Amino acid sequence: MYAIQTVGLTKRYRTIPALESLSIEVREGEIFGFLGPNGAGKSTTIRLLLGFLHPTAGQGRVLGLDIVKDSVAVRRRLGYLPGGIALYDTLTGKQQLDYLAELNGRPPRRRAELCERLELSETTLERRVRDYSRGMRQKIGIVQALQHDPDLAILDEPSEGLDPLMQRAFYDILEQLKAEGRTIFFSSHVLSEVERVCDRVAIIRRGRLVAVEDIAGLLAKRRRNVVMRFDGPPPSLERVPGVSNVDTRDGRLTCGVDGDIGPFLAAIAGSRVTDLTIEPARLEEAFLELYEETREEKPA
Amino acid sequence: MNGALFRHTWHSQRIRLALVSFGLLVWGSLLPFIYATFGSRFKSLLESGLLPQQFARFGGGDVFTLSGSVALSLIHPIPMILTSVFAVGFSANAIAGERQRGTLEVVLARPLARRSLYFTLLISTFGFIAIAIAMVLAGNILGSTLSGVLAELPLRRMPLVWLNGVLLFGSFAAIGLALSSSFDRAAPAIGWTLGIVVVMYVLEVLGSLWPDAEFLQPYSLFHYLKPRAVLTGGAQAFDFALLATVIVVAMAWAIAVFPRRDLAAPI
């Protein structure tokens, strides 16, 4: 069974498409990244899964339950962190968490552990939310989403407002949840964090799914930037599979290498290489390349 | 109905409810005192022709009789404003305000059906109004007791006056909550609800003070609040039924619209 499964899920506002025929499958126990720029359709997808929006066409199932017919049952089993969470300013952090836990109808058995890891002290929780910084609000948002130990957590831009130390603590929490078999659906436009924590990623653009990839697969497809210095004649790379944009001047060669790096290494084996830099794979580049490809295929 | 939301709603409104209740209690006790102290003098003035006869007809209330004082204690602008804190302010803001602030999606991300949320808020609003009206009438009884005119007050008919008042302000609250469930922002919901209440109030008062405008009164829901008639044994089931019908229609609207609405991301 999939934690999330959508088939042709579509949302249009009158004639304006917000999401076009989205079909994705999120496996149980994985951290699934949902990537795209602002306005791509990430929040629309999440709101459809939560029953806030009604699909124009298509179907969706969360934890085996229909997102329209069984919306309340779906929400009983998940935790949700909205992007830029709004809280009740007149309540203290503790009152806020108590109220939301009571609405969940499940005991907040993870709260103490989450508060400790996110450094939310008792004193902090006794303060009113209106006195909280943005980072502290986000921590409360994370705790309220996960305190009742949901089977599936849907997190919209979860690390926004967290300092690097807290981001690391948050990633550790996600790793632990995954190890315990929980599923995380993770929307973000911060590629580095998706690269760090996610198993697979779906990329969405203008309401359409561009790709669903393993992070490792996406990185393997990316173009590596190579810079090398050499003594003597430069290696001939023009006809080597996967190599492009070769530029040689003053004993320095730069090029791009796509896919399997083996042919490139074989081609330079006979040259006297004095220095070689292969830039580490970054998801940003793979992501941008994928976007460029889509743009070329379907001009807007 | 959801217990956690119900408790949260009452907890968040407790100070406002206490202040409004106290204000209405004081106001309610004042009018029997005015009646007992100055009622006969006002009546003499009215009969002498120095005061216009319309003075005795303001919204069906006056200070020349105890039943008129009870009516005035409900229809005067002061109790109107105080009760509207819940009948208009709370009801119209309850859903649209949470939606505008973004807290509605945090609540609805829980296993809470929209209908359940609506009914919890509706019941809470009716609870606030029921207490507010009860405080006015409790004030009437207190004022009558302290002024020594309690014997003139038909106490066994007071629950019916209370019901009449709750149905009137409850109908405004039901309209407010229906509008609140239909808008994404609080301002239009509050504006429309307040507009309806003010227009109806003007129609009723205008019709009561100016004979040529009497035909406007049946178009106002205030026309169906008749404490004096209830206290003097002239209660009509139609008045109660009409107010109850307005509540049912507003509820039907909200139940039909709210669960089917798309709740897009807050702006």
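Assorted remarks:
- Residue check for residue B:122: within 14 Å of chain A (Cβ to nearest Cβ), modelled with pLDDT of 95 or more and part of a helix (DSSP H, G or I): no
- Failed item in (1) surrounded by fewer than 16 Cβ atoms within 10 Å (Cβ to Cβ); (2) at pLDDT 90 or above; (3) away from every other protein chain (no Cβ under 14 Å), with residue B:7 passing the rest: (3)
Here is a yes/no grid of residues against (1) among the charged types (D, E, K, R); (2) assigned to a helix (DSSP H, G or I):
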| position | (1), (2) |
| --- | --- |
| A:192 | no, yes |
| A:196 | yes, yes |
| A:204 | no, no |
| A:210 | no, no |
| A:213 | yes, no |
| A:217 | no, yes |
| A:220 | no, yes |
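- Some residue of segment B:107-119 being in contact with a strand residue (DSSP E or B) (Cβ under 7 Å, 6 or more places away or on another chain) and either small (Gly, Ala, Ser) or more than 9 Å from chain A (Cβ to nearest Cβ) (or both): yes
- Check on residue A:210, in contact with a Cys (Cβ under 6 Å, 6 or more places away or on another chain) and either in the same structural domain as residue A:18 (by TED's automatic domain parsing) or buried (at least 16 other Cβ atoms within 10 Å of the Cβ) (or both): no
- Matching option when the condition is surrounded by fewer than 13 Cβ atoms within 10 Å (Cβ to Cβ), modelled with pLDDT of 90 or more and basic (Lys, Arg), among A:134, A:127, A:110, A:182: A:134
- Flag if residue A:125 is under 24 Å from the mean Cα position of the chain (by Cα) and touching a residue at least 24 places away in the same chain (Cβ under 8 Å): no
- Which numbered condition residue B:215 fails, given (1) free of Cβ contacts under 8 Å to residues at least 24 places away in the same chain; (2) of a type in the set (Phe, Trp, Tyr); (3) surrounded by 13 or more Cβ atoms within 10 Å (Cβ to Cβ): (3)
- Identity of the residue in segment A:6-28, of a type in the set (A, V, I, L, M) and in contact (Cβ under 8 Å) with a residue 60 or more places away in the chain, that ends up surrounded by the fewest Cβ atoms within 10 Å (Cβ to Cβ): A:24
- Residues in segment B:81-114 that are out of contact with any Pro (no Cβ under 8 Å at 6 or more places or on another chain) and of a type outside the set (A, V, I, L, M, F, W, C): B:83, B:84, B:89, B:91, B:93, B:97, B:98, B:103, B:110, B:111.
- Residues in segment A:17-46 that are within 12 Å of chain B (Cβ to nearest Cβ) and of a type in the set (Lys, Arg): A:42 only.
- Condition met for residue A:69 (closer than 20 Å to residue B:114 by Cα and surrounded by fewer than 23 Cβ atoms within 10 Å (Cβ to Cβ)): yes
- Residue, farthest from residue A:146 (Cα to Cα), within segment A:58-88, restricted to residues that are at the interface with chain B (Cβ under 9 Å from one of its Cβ atoms), in a loop (DSSP other than H, G, I, E, B) and not basic (Lys, Arg): A:88
- There is at least one residue in segment B:242-253 that is more than 16 Å from the chain's Cα centre (by Cα), in a helix (DSSP H, G or I) and surrounded by 15 or more Cβ atoms within 10 Å (Cβ to Cβ).
- Residue within segment A:8-30 that is outside any strand (DSSP E or B) and modelled with pLDDT under 90 present: yes
- Residue A:91 surrounded by 21 or more Cβ atoms within 10 Å (Cβ to Cβ) and more than 28 Å from residue A:44 (Cβ to Cβ): no
- Search result, residues across segment B:110-150 that are of a type in the set (Val, Ile, Thr) and touching an Asp or Glu at 6+ places or on another chain (Cβ under 9 Å): none
- Against the test of being over 19 Å from residue B:7 (Cβ atoms) and of a type in the set (A, V, I, L, M, F, W, C), the options B:96, B:113 yield a single qualifying residue, B:96.
The values are calculated or read from the model by the stated rules, or taken from the named source; none is laboratory data. What you see is a predicted model, and the numbers here were worked out from it, not measured in a lab. Don't worry about glycine lacking a Cβ; one is built from the backbone with ideal geometry, like all the others, and counts go over all protein chains shown.
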